[in-house]
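Take a look at the structure set out below.
The values are calculated or read from the model by the stated rules, or taken from the named source; none is laboratory data. This one's a predicted model, so the numbers in the text were calculated from it and none came from an experiment. Positions of Cβ are backbone-derived with ideal geometry, glycine not excepted, and every protein chain shown enters the neighbour counts. Areas reflect the complete protein model, heavy atoms only, side chains present, ligands, DNA and RNA absent. Shrake-Rupley method; radii C 1.70, N 1.55, O 1.52, S 1.80 Å.
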Amino acid sequence: MAASAALSNSITAFKPSPCQPRAASINPLPSIKLPSISSNYPLISHFAPTPKNPTVTPLRSAAAAAPETTNSSTTFHGLCYVVGDNIDTDQIIPAEYLTLVPSNPDEYKKLGSYALCGLPSSYPTRFVEPGEFTSKYSIVIGGDNFGCGSSREHAPVALGAAGVAAVVAESYARIFFRNSVSTGEVYPLESEVRICEECKTGDVVTVEFGESRLINHTTGKEYKLKPIGDAGPVIEAGGIFAYARKTGMISN
Amino acid sequence: MASSSAIASSSAPFINKKDVGLSAFSSQSSFSVQTARQRISKKIVSVMTPQQTQRTPATTGSVKTGMTMTEKILAKASDKPEVSPGDNVWVNVDVLMTHDVCGPGSIGIFKKEFGQNAKVWDREKLVIIPDHYIFTSDERANRNVDILRDFCTEQNIKYFYDIKDLGNFRANPDYKGVCHVALAQEGHCRPGEVLLGTDSHTCTAGAFGQFATGIGNTDAGFVLGTGKILLKVPPTLRFVMDGEMPDYLLAKDLILQIIGEISVAGATYKAMEFVGSTVESLTMEERMTLCNMVVEAGGKNGVIPADKTTYDYLEGRTSVPYEPVYSDEGARYLKEYRFDVSKLEPLVAKPHSPDNRALARECKDVKIDRVYIGSCTGGKTEDFMAAAKVFLASGKKVKVPTFLVPATQKVWMDVYSLPVPGAGGKTCSQIFEEAGCDTPASPSCGACLGGPKDTYARMNEAQANYYLFYRIIDLLLICYRVCVSTTNRNFPGRMGHKEGQIYLASPYTAAASALTGYVTDPREFLQ
């Protein structure tokens, strides 16, 4: 019941729920119940298992993405921006902008305007145009070890704020992957092959969750993606807190 | 209770690492169980875990399968007899650290999710250390420290290392500086515990035989409210380093060797355990350097078994009882790497990746225009001692601007007060002055990660040109800045300008390079 309400609320489920402050130091917070961990507990996992239910509905409409929900799958459709290997968090959001606090809505928006502005000048196309807060590219395609470097959550937040729906890379650095899932900002999807060398910035692509594939309409090629597994529903819910409320781990 | 704690801690210094198998712990198992139970009952303040009538602590000897020390720490912290790589477990957090860059966001999430009046799970287990953007006129940066201060006052946080007078850091007795070094110096790093921080270099604390890793704001917000986090138990890569360490090498060379070997993603999701006679011979600060950079190989945590060196360091720094754990004989490792340290040479990581390994002497033609000694990686007391040793041995002056940023107030004091061995009573600061280095700056993260434009020693110069000519600059290849740095990352833009070239190196190599104006093997001065 509570869960279904949260479900229909989608991203708005991510609203503050006043929890009771700790009364005595020994008392557990009654509003939070953590499940005993079994093998079925949702993995925040790089080595994601095959999802039992491939249905993924969009968590929100990304600025330039055009998510479409069908009965069995979600698709993201838009222009892609292609980067290489080892895109570290300094390139995603340079340290000088870390004074912006992501939990502050105005500063969240501003973080989007700086997304990927740390890329060196070997990238001739800007990800976000000057004066804009969001990017026209809704899908970022990368190589190995995307998001390496610092633990700054500003990195997935900046991408999400810029309107990125999904990153499709060969592999991820651990903390970036986890931050993407915890915040629900972007889907960190893995490709089975090195598509960053076959796609070009500005290509029109579609990501189909149900089929676990990426279609490049500009080149006409299709690529297999690795299933995101149990991390998918967490991102879909809008992050770990929203997911926990939705599934009853935290009462609403 | 008090006596059991005392025994647990006082017996620790006498544990010989090699003897600690199952028997060493079984003799004091009743104490350790008691300590563990006592601790856990305190920890469960806001979260319900499944009821357990009895547990079999992994440390008592009833271990079915051998576990690595990382697995054992996570088993203990999750109240399970054993865990295996891949298990997802809810872990009780012993210490959560945050700083001025990620603290305000974590606090924002905590308040949003747990309520404006919510209290943190334990006011004594949260350590808040402003260190990133301190000596700046950037208003937002200053505001962020104010947010931390207000929160610590409101929550009555026990460990908040505040700074109010930005004009003179020494007027702030509470101010420490770089969080990872301050955590160690203030006794917050303890064997067997779980330490999380909103900073990727939190892994530094693994040097104390604990599980330490970096997390994001949202996870930190969750920990603030519950004291718990869901972690996947990582498999362990084991690095055995034996052989006598040549006197021209430092731990920085060892970790650059390893990252060069396994790449910047070679340890992604994995624990890196460092053992062997060389590691045993390292000081605590050198062990910290080793663990500090595991994240540069993608590692989840780095860990070094606690021993007498660890206990000696902790003596007088903490009164909290701790319980070291060690890998079992039959522990399973994903892979084992062996190094004969006596055969290694001074290394650098060339731009723009920490795994772009090269011998320092192979880069002798690389002209540089600045040297930076500082950060959580290379700004500790011994790092400055090492640099001073090279300057002293050469008797020469530096040929390029040499910036010195002590990590913490304590390090700064050491630089100005500790005599350098063989220098006739001279301190590091005197030797640096005679060598023509910049005056040691106020302790903070400084220019290691760029920061606001007015950050001391930030690589700015090319930036003005960049704005003017940014289409032409990569064609003309002008205005490049080349820095040899004792820091940890050399990705594009890390220290300010995107086209700045950073060579990561040990303090020996950095000092030697300052003396010649080129990337230089320290053996030119140390032999």
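Accessible surface ranking for B:K498, B:K335, 1.4 angstrom probe, highest first: B:K335, B:K498. With Rh defined as the Kirkwood radius, the inverse of the mean 1/r over Cα pairs, the Rg/Rh of the range B:355-394 is 1.02. Counting only other chain Cβ atoms within 10 Å of each residue's Cβ, the peptide A:175-187 averages 4. A straight line joining the Cα centroids of the range B:419-444 and the range B:283-315 runs 26 Å. Heavy-atom accessible area for B:D146, with the other protein chains in place and a 1.4 Å probe, reaches approximately 70 Å². Counting Cβ atoms of other protein chains within 10 Å of each Cβ in B:225-233 and taking the mean gives 4. Here the dipole of the range B:345-526 is about 140 debye; that uses its Cα centre as origin and unit charges on the Cβ of Lys and Arg (positive) and Asp and Glu (negative). For the range A:140-154, accessible area lost to neighbouring protein chains reaches 20 Å² or more, against the chain alone with a 1.4 Å probe, at A:N145, A:G149, A:S150, A:S151, A:R152, A:E153, A:H154. Each chain gives up part of its surface: A and B jointly bury about 5700 Å² of accessible area, both sides summed, for a 1.4 Å probe.
The overall shape of the range B:369-412 is oblate: from the C-alpha gyration tensor, with semi-axes ordered a ≥ b ≥ c, the ratio a/c is 1.5 or greater and a/b is no larger than b/c. Out of every Cα-Cα pair that the range B:107-182 contains, those further apart than 17 angstrom amount to 48 percent.
Could you state, as a whole-number percent, how many of the C-alpha pairs of the range A:203-252 are farther apart than 12 Å? The proportion of pairs with Cα distances above 12 Å equals 67 percent. Across the accessible surface of the range B:76-165, with the other protein chains kept in place and a 1.4 Å probe, carbon and sulfur atoms take up 45 percent. A simple packing score, the average count of other Cβ atoms within 10 Å per residue, orders the peptides A:204-217, B:442-455, A:175-188 as A:175-188, B:442-455, A:204-217, with the highest score first.
Let me know the shape class of the range A:108-252, please: from the alpha-carbon gyration tensor, a ≥ b ≥ c as square roots of the eigenvalues, rounded when a/c is under 1.5, otherwise prolate if a/b is greater than b/c, or oblate. Because a/c hits 1.5 or more and a/b fails to exceed b/c, the range A:108-252 counts as oblate.
For the range A:108-183, the equivalent ellipsoid derived from the alpha-carbon gyration tensor has semi-axes of 19, 15, 11 Å in decreasing order.
With one equal scatterer per alpha carbon and no solvent term, the Debye-computed log10 I(q)/I(0) for the range B:52-191 at 0.19 1/Å reads -1.08.
Largest first and in whole Å, the equivalent-ellipsoid semi-axes of the range B:300-358 read 31, 19, 13, each the square root of five times a Cα gyration tensor eigenvalue. Peptide A:98-109 has a mean of 6 when you count, residue by residue, the C-beta atoms of other protein chains within 10 Å of its C-beta. Computing Rg and the Kirkwood Rh from the Cα coordinates of the range B:136-214 gives a ratio, Rg/Rh, of 1.01. Computed from the Cβ-Cβ distance with R0 of 35 Å, the FRET efficiency linking B:L359 to B:A423 stands at 0.75.
For the range B:268-373, the normalised intensity computed at q = 0.23, 0.24 Å⁻¹ comes to -1.49, -1.53 (log10 of I(q)/I(0), Debye sum over alpha carbons, equal scatterers, no solvent).
Fraction of C-alpha pairs exceeding 19 angstrom in the range B:176-245: 42 percent, rounded to a whole number.
For B:I304, the solvent-accessible surface with a 1.4 Å probe is about 0 Å², rounded to the nearest 10.
Which of rounded, prolate or oblate describes the range B:386-451 when judged by the alpha-carbon gyration tensor and an a/c cut-off of 1.5? Taking the square roots of the gyration eigenvalues as a ≥ b ≥ c, the range B:386-451 is oblate. Across every pair of non-identical alpha carbons in the range B:345-526, the mean reciprocal distance, once inverted, gives a Kirkwood radius of 16.1 Å.
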